[in-house]
Structure formats: structure tokens, C-alpha cells
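Okay, so here's the structure we're looking at.
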Amino acid sequence: MEKKGTIGVTTENIFPIIKKFLYSDHEIFLRELVSNAVDATQKLKTYASLGEFKGELGNVSVCVKLDKENGTITISDKGIGMTSEEIDKYINQIAFSSANEFLDKYKNDANSIIGHFGLGFYSSFMVSKKVEIITKSFKEGSEAVKWSCDGSPEYSLEPTTKEERGTDIILYIDEENKNFLEKVEIEKLLKKYCRFLPVPIVFGKKTEWKDGKSEETDEDNIINDTNPLWTRKPAELKDEDYKKFYQDLYPFSDEPMFWIHLNVDYPFKLTGILYFPQVKSNVDLNRNKIQLYSNQVFVTDSVEGIVPEFLTLMHGVLDSPDIPLNVSRSYLQSDQNVKKISNHITKKVADRLEEIFKADRTQFEEKWDNLKLFIEYGMLTDEKFYERARKFCLLKNSDNKAFTFEEYKTLISANQTDKDGNLVYLYANNREEQFSYINTARDKGYDVILFDGQLDVHMAGMLEQKFEKSRFVRVDSDTIDNLIQKEDSKEVALSDKQKENLSEAFKSQLPKIDKTEFTVDYKALSEKDQPIQITQNEFMRRMKEMSAMQTGMGFYGEMPNNYNLVLNVEHPLVKKIISDIEDKDKENIDAYAGENSNIRQLVDLALLSNGMLKGEALNNFIKRNMNSL
Ligand code: ADP
């Protein structure tokens with residue numbers, strides 16, 4: 001007997017909202033309906049295993065069929081089906097409280113509405129002018145029923161005939177959503193949302209190339225992998241399996257370096273595989289490749305705010321039924337479960353890295369250059385990760401030798417502690433350009449860290465804060481004896497006039513370099529030390545480097561580069577110049593300097609060893625030296 005009725009009280013509010021407001025998320029109807037079909041199938045399998053269902057399971061694939069002529073999409077399963085009472089209960093009575101208020105608040109957020117009320121099925125009305133359910137329960141003696149609704153709150157429910165148990169959902173696609181009747185479109189959506197569902201999903205037949213065209217075969221076209229790697233036991237899997245899965249997820253990618261197979265049962269359920277990709281230099285390129293699943297249903301691949309920021313550099317899949325996946329992003333970000341999961345992943349990632357570090361340090365060191373960006377990013381942005389990673393974070397020196405923080409401290413503490421008891425970490429950020437400075441430091445028995453990565457300036461700043469009584473200074477930021485002051489520096493015994501003259505003489509021979517300024521400085525080093533050096537103040541340089549990486553520090557970015565031209569007043573060559581010019585008037589100094597080949601040569605050599613002698617100045621230098629051969 002046909003029954004007529006009105007769907008729940010509040011559906012009058014829901015239909016217009018579903019139809020009108022939920023445009024952006026239209027495509028999720030397919031995810032919702034296919035997951036319902038999968039759930040119904042899984043439930044039947046459970047009943048079978050418990051002995052509550054004694055019939056034949058048979059082929060339990062879920063079928064998605066497209067009928068372009070009649071304008072329908074049908075999703076069929078051979079799951080538990082529904083009796084007419086169940087339709088009444090699960091489909092007709094959408095029981096919820098304070099609905100109006102909620103709907104009003106979230107009317108622009110399809111996922112919230114759908115997730116909050118378990119309205120998965122009703123998302124079908126986003127794309128349909130009419131929906132039919134033809135279903136027959138697995139329970140013995142059940143009658144098949146047909147439910148039909150055209151998007152108004154009225155539905156009809158009547159007996160019908162259906163051979164097999166299970167449910168067909170038939171969508172009569174409306175005008176605006178005709179694109180969903182295209183095979184490629186549905187294929188795309190199935191690949192996106194259903195690729196790893198646990199029950200086979202069939203979409204048409206497999207095709208093969210015959211006589212130059214593609215032809216349908218008899219074989220079902222199963223679009224999913226029902227046993228994705230993360231659901232399997234790590235003990236059964238080989239490295240090749242993980243690598244292959246990575247290639248499936250990200251075709252044409254470089255091989256991943258490491259992976260972590262997550263399998264958590266308590267206090268929440270979480271499985272997944274996270275890969276460390278080969279992150280070469282650009283942080284942003286590699287972001288947002290993690291896919292989030294809920295019981296093998298794809299939810300999103302934009303995980304920002306859900307996993308810690310630095311983990312967005314990792315690739316792979318996470319699957320948890322405990323993440324409230326159907327709610328809005330802001331809700332997710334403040335959810336306590338999500339926070340716990342996120343902390344847990346951080347811990348696991350750190351544990352795994354420590355494990356590899358301990359088990360195979362050689363391999364870890366080999367991969368360090370790739371891992372470094374990731375680990376440093378984590379340490380800079382996540383205090384907890386810093387605490388864990390400081391045990392295996394490496395510092396590489398100019399000889400390419402790697403040390404942990406502790407090891408490095410032991411290496412340098414005897415030799416690189418200054419007179420005030422500060423430990424001085426020397427670093428270079430370019431082995432070639434700072435070669436002579438590195439050499440000078442090494443000659444003193446000092447060690448130089450090579451900090452040539454994207455985040456190393458920030459690391460230097462952070463480590464200086466973290467390490468007690470320590471300073472990080474770049475090798476070219478001062479003369480070596482000043483960088484690590486062992487004793488009070490010797491007084492420079494020059495009168496103001498001598499200094500002035502000296503400054504004038506050397507400045508007059510400096511080539512003009514764009515956005516670059518020099519200050520002449522005097523140091524009483526030993527006579528064996530270099531007569532002249534160019535240094536750049538550590539603080540100013542760091543500020544400029546940081547401002548290049550972030551906005552809001554434009555002030556430092558605009559400043560010219562300031563260098564010190566440091567003269568060693570104890571060096572015989574400099575001494576000679578001092579005595580030559582000390583009585584001269586300012587006007588005569590320039591002329592003297594122009595004639596004095598030593599001054600020009602010293603200036604050029606200092607620039608040259610700093611990589612700053614270029615263009616015409618370099619050309620003149622070469623000519624001059626050729627001619628004197
Ligand atoms: P949810 O899946 O979140 O519970 P839905 O609106 O998608 O919400 O579905 C409501 C209920 O209808 C389901 O819980 C289930 O009991 C029933 N149902 C939906 N689709 C099917 C199906 N294909 N087979 C059997 N029961 C179904």
C-alpha cells in the first residue's frame with residue numbers, strides 16, 4: 001500500500017538550503033552515497049561473520065552506473081538493505097534539535113551541515129530533481145520497498161519488486177548538474193574519493209585497445225584498491241611495497257627517503273603512512289601532499305591546521321575515524337582529538353628519525369642534506385619537536401663532517417671559548433666565497449660550521465638562544481682574533497689625524513659598488529696577520545638576511561650593505577703607509593694613494609678574497625698585474 005507523508009519537521013528548512021547554498025561542495029554527493037553503500041556492505045559482512053546472516057554473500061561489489069539518456073546515476077549495493085520501518089526511521093525522521101539555529105549559522109558550509117546531522121544521503125538533492133531508493137533488507141521475509149522524493153518535503157513509500165537484497169539509489173540529475181552525467185567526471189570523482197574504499201567499486205567495464213580503438217571487455221572496471229598499504233601489517237611489507245605505493249600516490253616523484261607506518265589504537269585510532277620526500281630547497285613546493293582519510297574515504301588533501309605546520313612538508317596518507325571529518329576547517333583546528341592526533345604524529349616522526357639515526361648513522365648522515373630543511377623547520381616552529389630533535393640534529397662543518405650538538409660542543413669548547421667564557425660557534429654560509437676566512441680560522445685550530453641551507457640563518461639565531469653562554473658568528477663578520485677574543489685586544493696607537501689620513505687614503509682607492517658602503521677600521525693584530533680584511537657586522541647582516549625572507553622588516557632590507565675595511569696597523573706594509581702620509585694634508589693624500597701601488601693592491605686583494613672585485617675593477621686589477629709580470 002502506498003504511504004504518503006512529510007519528511008521530519010525541519011526538512012522544510014533543509015531542502016532549500018541543500019539546493020541553494022551548498023554549491024561549492026556539490027561533488028561530495030557521490031562520496032556520501034558510495035560510502036553509505038560500502039557501510040551497508042560492511043555491516044552485512046559483519047552479520048555474516050557473527051552468524052546472524054546465514055545466506056550467501058556472493059559478489060558484494062558496489063556498482064555505480066551512468067545512464068546519460070535517462071539522466072540518472074544509480075548507486076547499487078548488496079548490503080543490508082532497509083525495511084520500510086528502517087526507511088522511516090533513518091531517512092524520513094531526521095531527528096535533531098535546535099536545527100534552525102544551526103542551519104542559519106552554517107548555511108554556507110555544506111560539510112558542517114552534512115556531517116553534523118548525518119545528512120549524507122540528503123546531499124543527493126544537491127544535484128538531483130528526484131531521488132529514488134529501491135531497497136530490500138537482508139532480513140528473512142523482507143519485502144522490497146521504493147521511496148521516492150522530488151525535493152519537496154513530500155515523499156512516497158510503496159512496495160516494489162526487487163530480486164536481490166541491497167539498495168539502489170537512483171538520482172535524477174537536474175539541469176544545472178548535467179556535468180555529472182559525463183563518464184570522465186564520475187571517473188574523476190570516484191578516483192578522488194573512493195580510491196581506497198574497502199569494498200570493490202565497479203564503474204562500467206574495463207576497456208582495451210583493439211584495432212586502433214578502445215573497446216569494452218566483459219571484465220568489471222574496479223576503480224579502487226580495497227587493501228591499501230596503510231591498512232596492512234608493517235611486518236608483511238617490504239621497502240619495495242612502500243616505494244611503489246609512493247609512486248602510485250605521486251607519479252613521477254623522486255624516491256622518498258624514509259617512511260613511517262603509523263598504527264595507533266589508543267587513545268584514538270589512527271593509521272597511515274608518512275613519507276619524507278626529497279625536499280631539496282623550496283619549502284613551499286612540497287607542501288600539502290598529505291591526504292586525509294576517514295575509514296578509507298578520502299576527505300581532504302589540505303591538512304594545514306590539522307597536522308603541525310612543518311609536517312605539511314611530508315607526504316602520504318593519514319586515516320582516522322576519530323577526526324571529525326565532515327565538519328568545517330575551523331572546527332577541526334580547535335578540536336581536542338585533532339590536537340592529540342597532531343601531537344602524536346609529531347612524536348612518532350621524531351621517534352622514527354631518532355631510531356634511524358641510532359640504527360644507521362651513516363645512512364642518516366648521507367640523507368642529512370635532504371632531511372635538514374624538514375628537521376630545521378620542525379625545530380624552529382615546534383618546541384616539542386625541538387626537544388626531541390636536538391638529539392639527532394646535525395651540524396656539518398666545512399670538511400663535511402657531521403656532529404650532533406653535544407659532539408660539536410665537545411669538539412670546540414677547549415679552543416673556541418673566549419675570555420668571557422662564551423663558546424663561539426663559527427660558521428660560513430658559502431664555502432667558496434668565504435674560503436679565505438674559513439682558512440684563517442682553521443689555521444688557528446678553529447672549526448667552522450657550514451650553514452648553507454635555506455633556514456640556517458634562523459637556526460643560528462635560535463641556537464644562540466637555546467645554548468647557554470654561546471654566540472654564533474659568521475667567519476667574515478670580524479677579524480678572527482676579535483671573533484674569539486682570548487685576551488684584551490691591543491690598543492691601536494694611532495692619533496686621530498693618522499686615522500683620518502689612513503681612512504682617506506684607502507677609501508680613495510675603493511671602487512664604487514652599488515648599495516655598498518665601507519668603513520675603515522684599525523686593529524693592532526700581530527705583524528704576521530693579514531694587513532687588510534673586509535668584514536661585515538654579524539647583527540646587521542643577519543637582520544638583512546632575515547628581512548629578505550619575511551615581510552615587515554623592509555627597513556633592514558633597504559639599508560645598504562655595510563662592510564668594514566680592517567687595517568692591521570702592526571703589519572709592515574700598513575706601518576709604512578702610515579709613516580708616509582702622517583704629515584700630509586688631506587688634498588695630497590688622494591694623489592699619494594693614487595701613486596702608491598701597494599694601497600690599491602691591498603684594497604683589490606681584500607675585495608677579491610671576499611668575492612667583491614668585479615667588472616671594471618676586476619679588469620683593471622688583472623691588467624695591472626699582467627703588466628707587472
Ligand atoms: P549517516 O550515513 O551519516 O548515518 P545518511 O543520511 O547518509 O547518514 O544515512 C542515514 C541512514 O540511512 C544510515 O545510517 C543507514 O542506516 C541508512 N542508509 C543509507 N544508505 C543506505 C544503504 N545504501 N543501505 C542501507 N542503509 C542505508
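The values are calculated or read from the model by the stated rules, or taken from the named source; none is laboratory data. Given the structure is predicted, the values throughout are model-derived calculations rather than measurements. Glycine also receives a Cβ, built like all others from the backbone with ideal geometry; neighbour counts cover every protein chain displayed. The area values use the complete protein model at the heavy-atom level, side chains included, leaving out ligands, DNA and RNA. Shrake-Rupley method; radii C 1.70, N 1.55, O 1.52, S 1.80 Å.
Screening 376, 406 for residues that are open to solvent by 80 Å² or more (accessible area, probe 1.4 Å), over 30 Å from residue 532 (Cβ atoms), in a helix (DSSP H, G or I) and not assigned by TED's automatic domain parsing to the domain that holds residue 540 leaves exactly one candidate, 406.
Among the numbered conditions (1) open to solvent by 50 Å² or more (accessible area, probe 1.4 Å); (2) under 24 Å from residue 401 (Cβ atoms); (3) in contact with a strand residue (DSSP E or B) (Cβ under 8 Å, 6 or more places away or on another chain), the only one that residue 466 does not meet is (3). Taken as a whole, the condition of being more than 15 Å from the ligand (Cβ to nearest atom) and not acidic (Asp, Glu) does not apply to residue 162.
Within the range 66-74, can one find any residue that is within 12 Å of the ligand (Cβ to nearest atom) and either more than 22 Å from residue 220 (Cβ to Cβ) or modelled with pLDDT under 95 (or both)? Spell out the reasoning first.
Restricting attention to the range 66-74, the residues satisfying the condition of being within 12 Å of the ligand (Cβ to nearest atom) are 74.
This time we only want the ones that are either more than 22 Å from residue 220 (Cβ to Cβ) or modelled with pLDDT under 95 (or both), so: none.
No - not one qualifying residue is present in the range 66-74.
Is it the case that some residue within the range 186-203 is touching a Phe, Trp or Tyr at 6+ places or on another chain (Cβ under 6 Å), assigned to a loop (DSSP other than H, G, I, E, B) and under 26 Å from residue 73 (Cα atoms)? For the range 186-203, residues touching a Phe, Trp or Tyr at 6+ places or on another chain (Cβ under 6 Å), assigned to a loop (DSSP other than H, G, I, E, B) and under 26 Å from residue 73 (Cα atoms): absent. Residues in the range 463-474 that are closer than 19 Å to residue 448 by Cβ and part of a helix (DSSP H, G or I): 463, 464.
Pairing residues of the range 127-154 that are surrounded by fewer than 16 Cβ atoms within 10 Å (Cβ to Cβ) with residues that are in a strand (DSSP E or B) and not hydrophobic (A, V, I, L, M, F, W, C), at Cβ distances under 7 Å and at least 6 apart in sequence or on separate chains, gives 143/159; 150/129; 150/130; 154/4; 154/6. Taking the criterion of being under 46 Å from the mean Cα position of the chain (by Cα) and open to solvent by less than 60 Å² (accessible area, probe 1.4 Å), the residues of the range 604-629 that qualify are 604, 606, 607, 609, 610, 611, 612, 613, 615, 617, 618.
To keep it simple, each residue is scored yes or no on (1) modelled with pLDDT of 90 or more; (2) open to solvent by less than 40 Å² (accessible area, probe 1.4 Å).
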| site | (1), (2) |
| --- | --- |
| 491 | no, no |
| 502 | yes, yes |
| 507 | yes, no |
| 562 | no, no |
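Among the conditions (1) of a type outside the set (A, V, I, L, M, F, W, C); (2) modelled with pLDDT of 90 or more; (3) open to solvent by 40 Å² or more (accessible area, probe 1.4 Å), residue 207 misses just one, which is (2). Restricting 437, 446 to those that are more than 21 Å from residue 403 (Cα to Cα), modelled with pLDDT of 90 or more and among the aromatic types (Phe, Trp, Tyr) reduces the list to 437.
Output the residues belonging to the range 413-434 that are among the polar types (S, T, N, Q) and part of a loop (DSSP other than H, G, I, E, B). Break it down into steps so the answer makes sense when it comes.
Residues of the range 413-434 among the polar types (S, T, N, Q): 413, 415-417, 422, 429-430, 434.
Result: 415, 416, 422, 429, 430, 434.
Any idea which of (1) at pLDDT below 85; (2) over 39 Å from the mean Cα position of the chain (by Cα); (3) away from the ligand (no atom under 14 Å from the Cβ) is the one residue 48 doesn't satisfy? Tallying (1) at pLDDT below 85; (2) over 39 Å from the mean Cα position of the chain (by Cα); (3) away from the ligand (no atom under 14 Å from the Cβ), residue 48 fails exactly one: (1). Restricting attention to the range 513-552, which residues are of a type in the set (Lys, Arg) and in a strand (DSSP E or B)? Of everything in the range 513-552, just one residue is of a type in the set (Lys, Arg) and in a strand (DSSP E or B), namely 523.
Could you please give the count of residues in the range 264-285 that are among the charged types (D, E, K, R) and modelled with pLDDT of 90 or more? Show your work before the answer.
Of the residues in the range 264-285, the ones among the charged types (D, E, K, R) are 265, 269, 280, 284.
Still in the list and also modelled with pLDDT of 90 or more: none.
So the answer is 0.
Note on the range 213-234: residues that are more than 28 Å from the chain's Cα centre (by Cα) and open to solvent by 70 Å² or more (accessible area, probe 1.4 Å) amount to 5.
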